[in-house]
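Single-structure report; data block below.
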There are 2 protein chains.
Amino acid sequence: MEASYPAVHPVGVPPQFKGAGPPATRMKDLPGSAGTLGGMGIRFGQFAFALTSFSVMITIPDFSSVTAFCFLVAAMVFQCMWSLSMGILDGYAILSGQCLHNSLFVSLFVVGDWVTSTITFSGACATAGITVLIDNDLNRCGPNHCSRLEAAVAMAFLSWIMISLSFFFSFWLLSSRYHFICKSPLQIIL
Amino acid sequence: MEASYPAVHPVGVPPQFKGAGPPATRMKDLPGSAGTLGGMGIRFGQFAFALTSFSVMITIPDFSSVTAFCFLVAAMVFQCMWSLSMGILDGYAILSGQCLHNSLFVSLFVVGDWVTSTITFSGACATAGITVLIDNDLNRCGPNHCSRLEAAVAMAFLSWIMISLSFFFSFWLLSSRYHFICKSPLQIIL
């Protein structure tokens, strides 16, 4: 009667699935994702760079005579509005303990970040192309304020790098749906 | 003795984890991901648009006098090389039954697609900015072959849209790591 039998446990006890699959990192704790201090820092960084780029652009006389420069100014205004709104939302979530990691919010962040980053990047590239044309190809930099243009483009690129970071965090979170740790407002209502 | 006891099963039998977490879609079956017919079609689409853009650009006399145009030509060459290589790899995977869905390959696709799409988009935007400057702002379209420039930019944007699709599929696959259905060559060797 010393034979060893395998240990048993009741089927009624649900098996623990937490260890299954890849390591389940809580995205709430990932610095840089929405609703974290890192995420809020990245948002305000985007806002600061975009505001600087906008401020430099509007000091260039006759900037409105070139379509690409107008586009960059409009893109920077849009970037400022989006980043400031998201930064305030992050701040509210941190202070009130609200959770932003649900499918509704994260989908909104992904789409908004992608659209905003594409607009910012296209404005920066178009302005950079014209700046290089004026500076290197035509050598007419004197009256065209190349240094201001270069500064504005550099700030726009930095803003784009920072919003790309936000986009990658949000997209990673969206595609790793099993990391969602709170219900969406629609789920709560329904 | 009619009392019901919970059914038991040996602990030695590993619990089935396949049903845990979100619905486990096999990414291999997702049209457009690497190693599928859809994925190969997207790759050859990128290649075709990039090749058309390159062909149109090099027919413009003195295109090399503008840095942004040279950059677009270089970007289109890079795009052609990358898309053709990936298309051939997809075709090989389909014909030989090789699996491309492992961490090594998918990471390579994500980085390569992101770099290539960024270079293509920046070249297209810079050229578009200069085309709008010549066409709308300066009204000097006659000797500058605006229609060819516009066609080349449009083809470059179409190529960028298609490589963005490839990037999204690869990034989705990378971030949903539990969908990997084959081992990487390194895992097989080690």
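What to note about this one:
- Residue selected from segment B:71-93 under the condition out of contact with any helix residue (DSSP H, G or I) (no Cβ under 8 Å at 6 or more places or on another chain) and crowded, with 16+ Cβ neighbours inside 10 Å, by the criterion farthest from B:Asp113 (Cα to Cα): B:Ala93
- Scanning segment B:163-185 for residues that are open to solvent by less than 40 Å² (accessible area, probe 1.4 Å) and either at pLDDT 85 or above or within 11 Å of chain A (Cβ to nearest Cβ) (or both) gives B:Ile163, B:Ser164, B:Ser166, B:Phe167, B:Ser170, B:Phe171, B:Leu173, B:Leu174, B:Ser175, B:Ser176, B:His179.
- Of all residues in segment A:40-64, those satisfying the criterion of being in contact with a His (Cβ under 9 Å, 6 or more places away or on another chain) and either acidic (Asp, Glu) or open to solvent by 60 Å² or more (accessible area, probe 1.4 Å) (or both) are A:Thr59, A:Pro61.
- Set A:Leu95, A:Leu158: member being at pLDDT 90 or above, over 26 Å from B:Thr120 (Cβ atoms) and more than 13 Å from chain B (Cβ to nearest Cβ): A:Leu95
- Residues (under 30 Å from B:Phe167 (Cβ atoms) and more than 8 Å from chain A (Cβ to nearest Cβ)) located in segment B:125-146: B:Thr131
- Boolean, B:Leu89 is more than 20 Å from B:Leu158 (Cβ to Cβ) and in a helix (DSSP H, G or I): yes
- Counted residues, segment B:103-118 - those being over 10 Å from the mean Cα position of the chain (by Cα), open to solvent by 10 Å² or more (accessible area, probe 1.4 Å) and closer than 15 Å to B:Gly35 by Cα: 5
- Checking A:Leu72, A:Leu84, A:Leu37, A:Leu89 one by one, the residue that is within 14 Å of chain B (Cβ to nearest Cβ) and of a type in the set (A, V, I, L, M) is A:Leu72 and no other.
- Where A:Thr67 falls short, out of the listed (1) surrounded by fewer than 19 Cβ atoms within 10 Å (Cβ to Cβ); (2) at pLDDT 95 or above; (3) within 14 Å of another protein chain (Cβ to nearest Cβ): (2)
The values are calculated or read from the model by the stated rules, or taken from the named source; none is laboratory data. Note that the structure is a prediction, hence the values are computed from the model and not measured. Methodologically, a virtual Cβ is constructed for each residue, glycine included, from the backbone with ideal geometry; neighbour enumeration extends over all protein chains shown. Heavy atoms of the whole protein, side chains included, go into the accessibility calculation; ligands, DNA and RNA do not. Shrake-Rupley method; radii C 1.70, N 1.55, O 1.52, S 1.80 Å.
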